[in-house]
Amino acid sequence: MQIAIFSSCPPPPAECAWGSFHSSAPNPYMLYGALIAGPSRDDSYTDDRGDFVSNEVATDYNAGFQGALAGK
């Protein structure tokens, strides 16, 4: 499980557009504490912006993690 991922939008006043998303440049921001879907069933993982199935940040992933920690 990866606990930090990067955001591909450039700093303002630059426009956050699909060109930034598809760029091979490093991501300018880190999203601390964000959880992603993670590895596939065979435990393989590729850090690819275009692969939303493995790299999507979603509130439902974070909610389960926070709930598990709250029970401790």
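The values are calculated or read from the model by the stated rules, or taken from the named source; none is laboratory data. Bear in mind the structure is a predicted one, so any value in this text is a computation, not a measurement. Positions of Cβ are generated from backbone atoms using ideal geometry, with glycine treated the same way; all protein chains shown enter the neighbour counts.
A few comments on the model shown:
- Within the stretch 39-72, considering residues that are of a type in the set (A, V, I, L, M) and more than 19 Å from residue 8 (Cα to Cα), the one surrounded by the most Cβ atoms within 10 Å (Cβ to Cβ): 63
- Residues (within 24 Å of residue 64 (Cβ to Cβ) and either surrounded by 11 or more Cβ atoms within 10 Å (Cβ to Cβ) or at pLDDT 80 or above (or both)) located in the stretch 1-15: 2, 3, 4, 5, 6, 7
- Of all residues in the stretch 16-38, exactly one satisfies the criterion of being farther than 17 Å from residue 52 by Cβ, hydrophobic (A, V, I, L, M, F, W, C) and loosely packed, with under 10 Cβ neighbours inside 10 Å, namely 25.
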